[in-house]
Amino acid sequence: MLSGKEIRKKFIEYFESKGHTHVSSSSLIPHNDPTLLFSNAGMNQFKDIFLGLEKRPYSRAVTSQKCVRAGGKHNDLDTVGRTARHHTFFEMLGNFSFGDYFKRDAIIFAWEFLTKEMGLPQDKLYVTIYQDDDEAFQLWQELTPVPAERIYRLGEEDNFWSMGDTGPCGPCSEIHIDRGEDKACDAPKCDLGVCDCDRWLEIWNLVFMQYNRDEKGNMTPLPKPSIDTGMGLERIASIVQNVDSNYDTDLIKPLINEVEKISGKKYHPGQQGFPFRVIADHARSCTFLIGDGVLPSNEGRGYVLRRILRRAVRFGKVLGIEKPFLYQLSPVVRDLMIDAYPELEENLEHVQNIIKMEEERFRETLNDGMKIVNEIIKKAKAEGNSEISGQEAFTLYDTYGFPIDLTQDIAEEHGLTVDEAGFNQAMEEQRQRARSAQKDVKAWDLALTVSEQLGELPPSKFLGYENLEVASKILGIIKEGKSVSQVKDAQEVYVVLDKTPFYPEGGGQVGDKGILEGSKGQMKVLDTQKLPDGKIVHLGEVSGELSINEEITARVDAKLRKDTARNHSATHLLHKALKEVLGDHVNQAGSLVEPNRLRFDFSHFSQVTSEELEIIEEKVNREILIGHLVETFETNIEEAKKLGALALFGEKYGDIVRCVKSGDYTIELCGGTHVKNTSEIGLIKIVSEGAVAAGIRRIEAVTGEKALINIKEHEELLKKASQALKSNPKDLVSKIEQVLGQVKDLEKELEQLRSKVSKQEAESLIEKTVVIKGINVLVTEVNTTDINSLRSMADIFRDKLGSAVVVLGAKNEDKVNFVATVTKDLIPKGIHAGNIIKEVAKKAGGGGGGRPDMAQAGGKLPEKTQEALDLVKELVENQLQ
């Protein structure tokens with residue numbers, strides 16, 4: 001019996017023997033593709049090749065791609081653990097042809113691998129094809145022993161694949177295995193194409209990419225048809241290992257075994273094993289997602305990761321696990337997958353730290369959630385409601401991790417229901433948040449437009465490391481989405497040159513700005529972008545006239561470039577200093593380098609103290625003053641690692657990399673522009689430090705002239721503060737402490753005066769007390785703008801009256817505050833301060849609630865104050881009925 005890793009190895013070696021290049025899995029964060037939340041198929045990393053945006057030195061490829069389907073269009077999160085074959089994380093085995101072989105060879109390869117390499121029984125294999133694909137129907141019969149009766153024609157929904165609404169598309173052919181009648185369901189007709197039960201298991205999908213679909217839906221044949229196939233490693237492993245479920249394969253079962261050890265509970269394959277399967281799957285997702293640089297947050301990819309992680313923790317509680325445990329499964333994931341993904345070893349400590357921190361945070365939240373749900377139920381009962389609102393249910397789900405079914409179960413125990421329609425509406429808004437990471441598609445649209453209009457142009461030659469001005473030729477111009485031969489006085493123009501000194505945006509560094517100057521006009525370059533096929537596009541505004549094939553001068557704004565270089569070189573020094581001061585766990589998690597500032601995100605699990613920031617800043621400035629020579633050179637990735645080069649966390653590098661070395665202090669893999677000597681940075685000044693996600697901190701800083709301006713501004717503030725306090729700068733702190741002490745004494749004296757006035761006013765207002773059904777009720781408006789004074793007055797009235805209901809209102813220009821108190825002897829009679837204050841505040845354009853004995857609220861309509869207070873007597877009478 002083959003193990004999962006042996007199947008993976010056999011697949012790759014088989015296709016290598018057929019002339020395919022083995023391409024490593026891409027990151028789960030799709031590179032340069034804002035249309036995707038996560039890599040969810042093997043073809044993702046080849047999308048630019050299929051679209052004609054990129055060329056590679058091979059026409060056949062084989063991969064084992066790590067994938068996540070959770071969030072966005074492809075979302076298996078809610079079905080994970082319920083079926084034998086759905087996962088959030090899985091591996092997709094795939095072979096690809098880029099205009100090389102087509103249907104014939106794709107079918108031959110698939111059949112040969114399954115029947116000879118995997119040893120699957122030929123008589124158990126079935127095939128589906130697109131209903132109109134007669135070519136595939138004939139080829140399956142010609143090339144394999146599959147008879148016509150085992151070839152099923154299905155419709156577009158099942159057997160036609162497209163990359164999007166427009167673009168490459170084509171029919172597909174799926175290979176299924178009949179797992180036997182004992183796996184069949186109770187449907188009247190349990191047959192392939194009709195039933196989706198466990199008897200008919202899809203193994204492999206062969207996509208024949210042969211058409212291009214336009215905006216009108218018209219399909220034209222592609223000049224170079226291609227092949228894209230996908231086979232889930234976990235599925236083929238379940239077949240080869242003859243187990244009923246993917247979760248029983250050696251790829252996942254060890255994780256379930258570990259959960260058994262941690263929980264002390266025994267796993268059972270049926271419904272009782274549901275929590276085990278969820279945890280095992282989610283442990284894989286969390287380990288790989290964090291390893292590729294995703295961090296828990298409240299939007300985009302981080303939001304999906306947080307949901308997956310918290311779902312696993314919640315099912316841990318179902319198994320009685322009350323301490324953080326999920327992080328303990330990451331080493332098991334590492335051991336199972338390290339052969340294919342050696343980076344798991346390098347990132348393990350970081351991954352475990354992030355998971356454990358999020359677990360601890362969520363456990364506190366979950367405990368708080370139980371308190372909240374109990375309060376919601378108590379409130380609903382007190383108000384006579386039989387339903388928990390959809391928004392309340394969603395808050396429990398979104399903030400505290402309570403799925404709708406858990407809230408429904410708890411509600412049912414208390415005789416309540418849940419507004420499911422309102423919950424679903426709030427969920428749809430949440431899905432929009434989950435898609436937030438997919439909104440910026442401008443760069444992608446630019447790539448498609450340039451490819452369509454200027455696709456035959458060669459890659460641009462970048463000369464900007466050594467030159468800021470070069471003689472160049474215009475090869476292409478795009479205006480309003482169309483290629484033009486000439487442009488005159490236009491606002492938004494895209495220009496491609498044969499060679500350029502303009503650095504295109506990349507690696508956190510912004511694109512260069514400057515001028516393209518011709519004989520009859522010029523273009524002000526506002527941004528520079530690099531496309532997947534190597535073209536560098538200059539975006540800007542044209543004044544005068546520019547034409548195709550015109551010889552021009554391309555000139556980068558030297559000052560902006562130098563300021564950017566200062567900031568980029570400073571980030572390298574800052575990265576090293578952070579590691580020295582905070583520890584080796586610090587890794588870059590993102591950066592922004594522009595002329596005015598630098599922003600550096602890094603992994604760290606607590607706030608950086610002011611003392612640590614001072615040391616870090618001092619270290620960087622010391623290295624700046626030393627004047628290290630900054631050298632750049634290219635080498636292979638292995639040699640760079642031996643030299644100790646720091647790499648961007650989660651980034652995938654090619655075989656040849658560019659290194660930037662600042663003396664003996666630091667060396668990093670980097671393609672950006674830098675100063676020649678660290679002394680050119682001049683000075684660094686850290687201006688802020690804070691959290692951006694769980695375990696991720698952000699430092700913003702300025703260098704050079706901007707750092708001097710920052711210091712000057714602080715000196716000016718110091719000067720103005722000294723003048724205002726009539727002190728010299730060196731005595732300013734002691735002067736401020738003296739003034740604060742005086743302010744504190746005055747505030748205390750003022751509070752005493754207010755209290756005295758409140759007592760005097762209370763004595764005069766006590767006469768407004770009325771008796772309703774034997775109960776003292778005092779309702780009045782008082783003259784104060786301070787909520788604390790309002791509460792103090794209510795306490796005074798309550799103490800004076802002994803047994804009473806007291807409701808006070810106090811208004812100012814744009815709002816009104818209300819306070820209600822009910823003495824404890826009246827609560828059993830049905831009088832509730834929170835219910836009274838809710839109705840009173842509602843009348844004044846506000847809302848609120850509170851305890852039976854004390855409540856406060858505000859309103860936005862101060863002119864309604866008296867009208868709102870007039871409701872109290874009626875409310876008290878109603879509560880006494």
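The values are calculated or read from the model by the stated rules, or taken from the named source; none is laboratory data. As the structure is a prediction and not an experimental result, all values here were calculated from the model. In this analysis, Cβ positions are derived from the backbone assuming ideal geometry, glycine residues included, and neighbour counts consider all displayed protein chains. Just so you know, the surface numbers come from the protein's heavy atoms only, side chains and all, with ligands and any DNA or RNA stripped out. Shrake-Rupley method; radii C 1.70, N 1.55, O 1.52, S 1.80 Å.
Whole-Hz Karplus values for the range 564-570 come out as 5, 4, 4, 5, 5, 5, 5 Hz, taken residue by residue from phi with 6.51 cos²θ - 1.76 cosθ + 1.60 and θ = phi - 60°; glycine and proline positions read x. Globularity index of the range 280-380 is 1.18 (Cα radius of gyration / 2.2 N^0.38 Å, N = number of residues). Excluding residues fewer than 8 places away in the same chain, name every one of the lysines whose C-alpha is closer than 30 Å to that of residue 261. Within the straight-line limit of under 30 Å, residue 261 reaches these lysines: 5, 66, 253, 317, 323, 356.
When Lys and Arg each count +1 and Asp and Glu each count -1, what net charge do the other residues less than 9 Å away from residue 462, Cβ to Cβ, add up to? Let's see the in-between values first.
Numbers: positive: 461, 499, 530; negative: none.
Every neighbour counted, the sum reads +3.
Nearest 10 degrees, 0 to 90: what angle lies between the long axis of helix 420-434 and the longest principal axis of the chain (Cα atoms)? Its long axis makes an angle of about 60 degrees.
Heavy atoms of the protein chains alone define the surface here; on that basis the range 529-677 has 43 Å² accessible area per residue at 1.4 Å probe size. Cα centroid separation, the range 40-66 to the range 236-259: 29 Å.
Rounded to whole Å, the principal axis extents of the Cα atoms in the range 616-716 read 52, 36, 20, largest first. The alpha carbons of the range 541-630 stretch over 57, 29, 20 Å along the principal axes, in descending order.
Can you tell me how the range 711-800 classifies by the Cα gyration tensor, rounded, prolate or oblate, using a/c under 1.5 as the rounded cut? Don't skip to the end; give the middle numbers.
Numbers: a/c = 5.49, a/b = 3.78, b/c = 1.45.
Prolate, since a/c reaches 1.5 and a/b exceeds b/c.
Classify the range 828-881 as rounded, prolate or oblate from the Cα gyration tensor: take a ≥ b ≥ c as the square roots of its eigenvalues, call it rounded if a/c is under 1.5, otherwise prolate when a/b beats b/c and oblate if not. Display every interim value, and only then the final one.
On the way: a/c = 3.17, a/b = 1.52, b/c = 2.09.
The shape class here is oblate.
In sequence order, the range 351-365 has phi-based couplings of 4, 5, 4, 5, 4, 4, 4, 5, 4, 4, 5, 6, 4, 5, 4 Hz under the Karplus curve 6.51 cos²θ - 1.76 cosθ + 1.60, θ = phi - 60°, and Gly or Pro positions carry x.
Note on residue 505 and residue 260: with the Förster distance fixed at 60 Å, the Cβ-Cβ geometry gives a FRET efficiency of about 0.75. Principal-axis analysis of the Cα atoms of the chain puts helix 704-724 at an angle of about 0° to the longest axis.
How many Å² of accessible area per residue for the range 214-315, probe 1.4 Å?
Working: 3670 Å² over 102 residues.
Solvent-accessible surface per residue comes out at 36 Å².
Compared with the direct C-alpha span, the chain from residue 745 to residue 489 gains 85.4 nm at full extension, assuming 0.36 nm per residue.
Under 1.5 on a/c is rounded, so check that first for the range 660-703, then, if it is not, pick prolate when a/b is larger than b/c and oblate when it is not; a ≥ b ≥ c are the square roots of the alpha carbon gyration tensor eigenvalues. Can you show the working numbers first?
Values: a/c = 2.70, a/b = 1.58, b/c = 1.71.
Since a/c reaches 1.5 but b/c is at least a/b, the shape of the range 660-703 is classed as oblate.
Between 0 and 90 degrees, the angle of helix 274-291 with respect to the longest Cα principal axis of the chain falls at about 80 degrees.
Among 822-828, 513-519, sorting by the average number of other beta carbon atoms lying within 10 angstrom of each residue, highest first, gives 513-519, 822-828. Nonpolar atom fraction for the chain, defined as the carbon and sulfur part of the 1.4 Å probe accessible area, stands at 47 percent. Here are some values of Rg/Rh (Cα atoms, Kirkwood Rh): [x] 1.04; [y] 0.94; [z] 1.01. Which one was computed from this structure? Only one listed value fits the structure, namely [x]. Taking 24 Å as the straight-line reach from the Cα of residue 479, the lysines in range (excluding those fewer than 8 positions away in the same chain) are 216, 439, 442, 461, 488, 499, 513, 520, 524, 530, 535. Among 214-224, 314-324, 129-139, the peptide with the highest mean count of other Cβ atoms within 10 Å heads the list, and the full ranking is 129-139, 314-324, 214-224. Peptide packing: for 850-857, 205-212, the average count of neighbouring Cβ atoms within 10 Å per residue gives the ranking 205-212, 850-857, highest mean first. Backbone amide hydrogens, once placed in the peptide plane, bring residue 498 within less than 5 Å of 473, 475, excluding anything fewer than 5 places away on its chain. Per residue, the range 759-881 exposes an accessible area of 49 Å² to a 1.4 Å probe, with every protein chain left in place. When the residues 161, 204 are ordered by accessible surface, computed with a 1.4 Å probe over the protein chains alone, the sequence from largest down reads 161, 204.
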